[in-house]
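Chemist: After the structure tokens below, expect a handful of questions from me.
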Amino acid sequence: MDHDAHRTRAWVLHPELKSDQDRRAPEPALAEAVALAAALPDLDVVGSGIVRLARAHPGHLFGTGKIDELADTLKAGEIELVLIDGALSPVQQRNLEKAWKVKILDRTGLILEIFSDRARTREGVLQVEMAALSYQRTRLVRAWTHLERQRGGLGFVGGPGETQIEADRRAIDEQLVRLRRQLDKVVKTRALHRAARAKVPFPIVALVGYTNAGKSTLFNRLTGAEVMAEDMLFATLDPTMRRVSLPDGPEVILSDTVGFISDLPTELVAAFRATLEEVLGADLICHVRDISHAETDAQAQNVETILASLGVDPERDGIEVWNKTDLVAPGEREAVLARAARDPKVFAISAVTGDGIDGLLVAIAEALQGARSTAHLHLRFDQGKARAWLFAQDLVRDEAQTEDGFDITVHWTAKQAARFENL
């Protein structure tokens, strides 16, 4: 049987609340919501729309007139699933499902579905399960039995024969404790891997950016790795690490990370903190932007905000990569390239065509090497702890024993030199 026959007919609604001071421009917000929905292989998005509201109705979100009007539209389109691009209370969700006789997912539910579909590593899977349970704790989700699903999932978009989700809060809490223990083990293992990598004298370069900015495409071009790189939101959920040799420069470990997104559900910000810890340990952060996107500045601001919430120092050295120059209109491209050329920390590239990649690689090499210098130290025999630290950090390039201690040549960053002074 044709798989398309089982695809769920979905409709996307973006509620624009006039009372919300922080609201985004509705058209790009709706376009992003539709792209999010399209990221789920089982959905067929057949329509979408913006619903302007003076204020949210506490019980139904929308007013009765709008609910009736939409009910007719949904019935005519044989819609099975409505995606609301915003937060819904459990009461609003239940009432809208009753009124429209369709399954409803809010933005958090949709993003959780995508994350469950994409997570590949043990840690990613555990974090998604925990985030889903935290979300379900506020609404014990009923199974939706007449939507077929080819792969696992969280039960929001269900499959035939799926059991009813009848876990009470205590059962969910017990499961969360169990998952937390498993995740702690996985995180410890990752910490050991990180400690092992710290001994490898390769600096780590992290690619970060808004979802769909082209990080995975750039990662693939630089490493030759076949990481999933689709024109799709959240194509990468687990950090991927590869070694890369820079031209006339050091070997580095390149890390491709999960894409950021505005209004990321709080459950997921917490759940994916460990995934993004790779960024905190990186020697250099490359912020990849889709410079062809109408909201590129707002997206960049979003990324900066999330980085700051993770504890990344805003003053920290980094490189901004303006990607997708091949998609900028020819008339505007010259202006974009000129703007980038004026800022020594900005590089305009196209990960697809390769334009600007060589300059970016040179800049990465310079940023990493410029941060390191050679120093000659003399340590007394009783400074064994300091000497051990230098070796543990793999900073020693040469050592000779003298009558009263050791003459040591080190190659280090200013930060490592400062830490050594405080030992």
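Each reported figure results from applying straightforward, stated rules to the coordinates on display, with no laboratory input. In this text, all values refer to a predicted model and were calculated from it rather than measured experimentally. Using ideal geometry, Cβ is built from the backbone for each residue, glycine included, and neighbour counts are taken over all protein chains shown.
Chemist: Considering the options LEU61, PHE115, LEU83, tell which one lies farthest towards the positive end of the dipole of region 3-115, charges being +1 on Lys and Arg and -1 on Asp and Glu at the Cβ, about the Cα centre.
Modeler: Selected residue: LEU61.
Chemist: Same structure, new question: So, R0 is 30 Å and r is the distance between the beta-carbons of ASP313 and VAL187; what FRET efficiency does that work out to, to 0.05?
Modeler: Rounded to the nearest 0.05, the efficiency is 0.85.
Chemist: Apply the Karplus curve 6.51 cos²θ - 1.76 cosθ + 1.60, θ = phi - 60°, to the phi angles in region 186-192 and return the couplings in whole Hz, x for Gly and Pro.
Modeler: In residue order, the calculated couplings are 5, 5, 4, 4, 5, 4, 5 Hz.
Chemist: What length, rounded to one decimal in nm, is gained on full extension from ASP72 through to ALA338, with 0.36 nm per residue of separation minus their alpha-carbon distance?
Modeler: 90.6 nm is the gain from fully extending ASP72 to ALA338.
Chemist: Evaluate E = 1/(1 + (r/R0)^6) for GLU27 and LEU423, where r is the Cβ-Cβ distance and R0 equals 41 Å; express this FRET efficiency to the nearest 0.05.
Modeler: The calculated FRET efficiency here is 0.15.
Chemist: Determine the dipole magnitude for region 372-421: charges of +1 sit on the beta-carbon of Lys and Arg, -1 on that of Asp and Glu, nothing else is charged, the reference point is the Cα centre, and the result goes in debye to the nearest 20.
Modeler: In total the dipole reaches around 340 debye.
Chemist: Oh, and also: Enumerate the amide H contacts of ARG397 below 5 Å, restricted to partners 5 or more residues apart or on another chain; note that Pro and chain-start residues carry no placed amide H.
Modeler: Long-range HN contacts for ARG397: THR409, VAL410, HIS411.
Chemist: Another one. Kindly write out, for region 71-77 in residue order, the coupling ³J(HN,Hα) from the Karplus curve 6.51 cos²θ - 1.76 cosθ + 1.60 (θ = phi - 60°), rounded to whole Hz, with x marking Gly and Pro.
Modeler: Rounded to whole hertz, the list is 4, 5, 4, 5, 5, 4, x.
Chemist: Using amide H atoms built 1.01 Å from N in the peptide plane, name the residues 5+ places from ILE204, or on other chains, whose amide H lies under 5 Å from its own.
Modeler: ILE253, ASP283, LEU284
Chemist: Past 32 Å, Cα to Cα, is the threshold; run LYS188/LYS385; LYS18/LYS215; LYS103/LYS188; LYS185/LYS215; LYS18/LYS75 against it and keep the listed order.
Modeler: LYS18/LYS215; LYS103/LYS188
Chemist: OK, next. Across region 391-400, in residue order, what do the Karplus-derived ³J(HN,Hα) couplings come to in whole Hz, using 6.51 cos²θ - 1.76 cosθ + 1.60 with θ = phi - 60° and x for Gly and Pro?
Modeler: 6, 4, 7, 6, 9, 7, 9, 7, 8, 9
Chemist: In whole Å, how far is the Cα centre of region 384-402 from that of region 119-133?
Modeler: 41
Chemist: If you don't mind, there's one more thing I want to ask. Mind jotting down a quarter of the surface of the convex hull over the alpha carbons of region 272-340, in square nanometres, one decimal?
Modeler: Projected over every direction and averaged, the Cα hull of region 272-340 covers 5.3 nm².
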